[in-house]
Amino acid sequence: MLEHITAMLALLGVLSLFCQWLGWRLRLPAILPLLLCGLLLGPMLGFLKPDAIFGDLLFPIISLGVAIILFEGALTLNFKEIKEHGGMVTRLVTLGTAITWVCISVATHYLIGFDWPMATLFGALVVVTGPTVIVPLLRSVRPKTELSSILRWEGIVIDPIGAILAVLVFEYIAVAADPTTHVLHALTSMLLVGFGLGTLCGYLVGLILRNNLLPHYLRNTAVLTLMLAVFVASNLLQEEAGLLSVTVMGIWLANMKGVEIDDILEFKETLTVLLISALFILLAARLNADALISLGWQGLVLLAVVMLIARPLSIWCCGVGTSLSGADKWFLSWVAPRGIVAAAISSLFAIKLEKAGVAGAELIVPLVFLIIIGTVVIQSLTAGRWAKILGVTAGSSQGLLIFGASQFSRALAKTLKANGVTVLLADNNWDNIRLARMENLAVYFGNPASEHAENHMNMSGIGRVLVLSPYRQLNPLVSFYFQDVFGREKVYGLNNNDTTNSSNSARHQLSESYLKRLCLFGDAVSYSKLASLMAKGASIKSTSLTANFDYSMFMAQYGQSAIPLVYLQGGKVKVISAADTVALTSGVELISLIPRDAKPVAIANITQP
C-alpha cells in the first residue's frame with residue numbers, strides 16, 4: 001500500500017509537470033490540460049481514486065494546499081496597486097464582485113434549488129477569475145493595452161477578495177449547521193480569531209523580514225512554515241478560522257511598509273507545479289461524473305447566466321462614466337474564465353459540509369467544475385475571434401522589453417518613449433529600477449522569465465526583447481524564454497566577446513541559434529563597450545533622415561564612431577543588428593548612440609563652407 005501511494009505521488013508530480021508544459025506550449029491556461037488529465041484518470045478510466053488511495057490524508061492535503069493558494073493570492077493584494085490601475089479595476093473588484101455574486105446566487109437558488117446560504121456560498125466561489133487562466137488567454141488574443149491591463153489586474157486582485165467572501169459565507173454556514181453552537185457566538189469567535197491572529201502574525205512576520213532577522217536562504221521556507229503554523233493554530237483555537245487567518249496574514253504582509261515579498265512570491269512557482277497542479281488533478285479525479293450529468297439543463301442555464309447575464313451586467317454597470325467604448329465593454333463582458341482557486345476552495349468546503357450533513361453539499365463541486373469547464377473552454381476558443389469582430393485587438397506589437405536597466409538602457413528607453421514607442425525595463429538590480437522609476441519609465445523588478453513576471457509584468461504592446469544586461473548566466477534563460485513567446489527573430493542580445501574570451505569552452509556550450517542572435521547593434525558592440533561610452537559622456541540621439549539629410553550625410557557628420565541602434569519607419573520599430581538587413585532611407589527616424597568625441601566632428605562638419 002505504501003509503495004502504491006508513493007507511486008501515485010510520483011505520477012502526480014510527472015503529470016503536473018507535463019500538463020504545465022503542455023499548457024505553456026499550446027498557449028492555453030494550464031488548468032485545461034490539468035482538468036482533462038484528472039477527468040481522464042478519474043471518472044473516465046477509474047485509474048486514479050484519491051479517496052481510496054490517500055484515505056484520511058486527503059483532507060489534510062487539500063486543506064494545506066488551499067491555505068497556500070489563499071496565502072499566495074493574498075500576498076498580491078496591494079491596495080496601492082488597485083488605485084494605480086484605474087477606476088475600472090477598482091469598480092470591478094468591488095461593485096462588480098457584488099453584482100456577480102448576487103446574480104449567480106439568485107440564479108442558483110431558483111435553478112438548482114439550493115437554500116439561500118448554499119446559493120450565496122456558490123455565488124461567492126465562482127466570482128473569481130485569476131491570473132493563471134487570464135494571462136495565457138490574453139497572450140493568444142492580444143487585445144488593446146487598456147483592456148489587457150484591466151483583465152489582468154482584475155484577475156490578480158479579485159482572487160483574495162473572492163476567497164475572503166467565500167470563506168466568510170462558508171464559516172457562517174458551518175457554524176449555523178452545528179446544533180451544539182450558538183451561531184452568533186461561534187461566528188464572532190471565528191472572525192476574532194481569523195482577523196486577530198492573522199493580523200498579529202502578519203505584523204510579527206513582517207517585522208522579522210523588515211529587520212532581516214533571518215538569513216536570506218531561510219526567508220521563503222520560514223514564511224511558508226509560519227503560515228502553515230498559523231493555519232493550524234487558528235483551527236485549534238476556533239474551528240474553520242484557519243483559512244481566514246492566512247488570508248489576512250498575506251494581505252497584511254503585502255501592504256506593510258518596508259517588507260519585500262518578491263522572493264516569497266517567486267518561491268511559490270515551485271509550489272504551483274509540485275503541489276497546486278497535483279492538487280487540481282486530484283480534485284478533478286474526485287469529480288462524480290453522474291453528479292455532473294445530473295445537473296441537466298439547469299446546470300447549463302446557470303452557466304449561461306454566469307456568462308451572458310452576470311458578467312455583462314457587471315461590466316456595463318462598472319463601465320459607466322469611463323472612457324471605455326461599447327466594443328471594449330462587450331469584449332470585457334465575454335472574458336471571465338474561472339480558475340483553480342474556485343475549484344480548490346469548493347472541494348475543501350464540500351468535504352466539510354458533507355460531513356456536517358448540509359443539504360446540497362454534494363452538488364457544490366460538480367457545479368463549480370461545470371462553470372470552470374464552460375468558461376475556460378468556450379472563452380479560450382472564441383475570445384480571439386470576438387476581439388477581431390469588435391476591432392479591439394492590439395494589432396502588430398511594436399513595443400520593446402529591455403532586460404537590463406543600466407544607464408544606456410534607460411537613455412534608450414527615454415528616447416524611444418519620446419518617439420511614441422512602448423518600452424518596459426526589467427532588471428534584478430533595485431538601484432537600476434529605482435533610477436528608471438525616477439525617470440518615469442515603466443519597469444518590472446525581478447526576473448522577466450519567471451512565473452511571477454508572467455502574471456504581473458504588463459506585456460501589452462510588447463513585441464520584441466532586447467537583452468542588455470550584464471548577467472551572463474541569466475541572459476540565455478531570458479532569451480530562450482522569450483524566443484518561445486515571440487519567436488526567435490524577435491529576441492536580440494549583445495555580442496559579449498570581451499567578457500567570454502577567457503572562457504571559450506563555456507561559450508561553445510551555448511546553442512548556435514542563441515549565439516547567432518548575439519549581434520545586437522552590430523558584431524563589435526558589447527555591454528562593456530556601451531557602458532564605457534556612456535560613462536565617457538556619450539548620448540542617445542534621435543535624427544530624422546530626409547532627402548536633404550540622408551544616412552551618408554549623418555555618418556559624415558558624426559563619424560564612424562556613431563552606433564545606429566533602432567529606427568522607426570511607417571509606424572514600425574526596426575531593431576538594428578548584424579543579422580538583419582538595414583534599409584535607412586528617407587522618412588526614417590534613426591535613434592543612435594553618439595560618442596562624446598564624435599560631437600566635435602559634427603560641429604566641424606556643420607561649420608564647413
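Couple of notes before you dig in:
- Nearest 10 degrees, 0 to 90: helix 58-75 Cα axis against the chain principal axis: 40 degrees
- Highest-first packing order for the peptide set 43-49, 90-96 is 90-96, 43-49, based on the mean count of other beta carbon atoms within 10 Å.
- Relative to the globular-protein estimate of 2.2 N^0.38 Å, the Cα radius of gyration of region 1-143 stands at 1.30.
- Amide H contacts of Leu565 (H built 1.01 Å from N, under 5 Å, at least 5 apart or other chain): Ile591, Ser592, Leu593
- Helical runs assigned H by DSSP (4 residues or longer) give the chain a calculated mean residue ellipticity at 222 nm of -19000 deg cm²/dmol, each run adding -39500 (n - 2.57) before division by the residue total.
- Pairs spanning more than 31 Å between alpha-carbon atoms, out of Lys144/Lys414; Lys388/Lys417; Lys388/Lys541: Lys388/Lys541.
- Computed from Cα positions, the angle between helix 2-25 and the longest principal axis of the chain comes to roughly 40 degrees.
- Helix axis angle, 131-141 relative to the chain longest principal axis, alpha carbon, degrees: 50 degrees
- Accessible-area ranking of Met459, Met190, Met256, largest first, probe 1.4 Å: Met459, Met256, Met190
- Label sites at Trp430 and Ala229, each approximated as a point 7 angstrom past Cα along Cα to Cβ, lie 2.5 nm apart.
- The HN-Hα couplings worked out from phi for region 107-124 by the Karplus form 6.51 cos²θ - 1.76 cosθ + 1.60 (θ = phi - 60°) are 5, 5, 4, 8, 7, 8, x, 5, 6, 4, x, 5, 5, 5, 5, 4, x, 5 Hz, whole numbers, x standing for Gly and Pro.
- Computed from the C-beta positions of Thr199 and Trp116 and an R0 of 25 Å, the FRET efficiency is 0.25 to the nearest 0.05.
- For the peptides 410-420, 545-555, 163-173, the ranking by packing is 163-173, 410-420, 545-555, with the highest mean count of neighbouring Cβ atoms within 10 Å listed first.
- When the chain is described by a simple charge dipole with +1 on each Lys and Arg Cβ and -1 on each Asp and Glu Cβ, the residue from Leu204, Ile150, Leu390 located farthest towards its positive end is Leu390.
- The order of the peptides 310-317, 351-358 by mean Cβ neighbours within 10 Å, most packed first, is 310-317, 351-358.
- Model label zone, Glu362; criterion: amide N under 16 Å from point 7 Å along Cα-to-beta-carbon; scope region 321-353: 350-353
- The heavy atoms of His109 present about 40 square angstrom of accessible area, all protein chains included, probe 1.4 Å.
- Span per principal axis, largest first, for the Cα atoms of region 320-426 (Å): 66, 36, 30
- Annotation for region 190-264: trypsin sites (Lys or Arg not before Pro) lying in DSSP loop with at most 13 further Cβ atoms inside 10 Å of their Cβ are Lys257.
- For Glu354 and Ser140, a Förster radius of 56 Å and the Cβ-Cβ distance give a FRET efficiency of 0.90, rounded to the nearest 0.05.
- Summarising the strand pairing of the chain, around 55 percent of its internal DSSP beta bridges are antiparallel.
The values are calculated or read from the model by the stated rules, or taken from the named source; none is laboratory data. Computed from a prediction, not measured in an experiment: that's the story for all the values here. Because the Cβ atoms are built from the backbone with ideal geometry, glycine has one as well, and the counts that use them run over all protein chains shown. These accessible areas exclude ligands, DNA and RNA; they are computed on the full protein's heavy atoms, side chains included. Shrake-Rupley method; radii C 1.70, N 1.55, O 1.52, S 1.80 Å.
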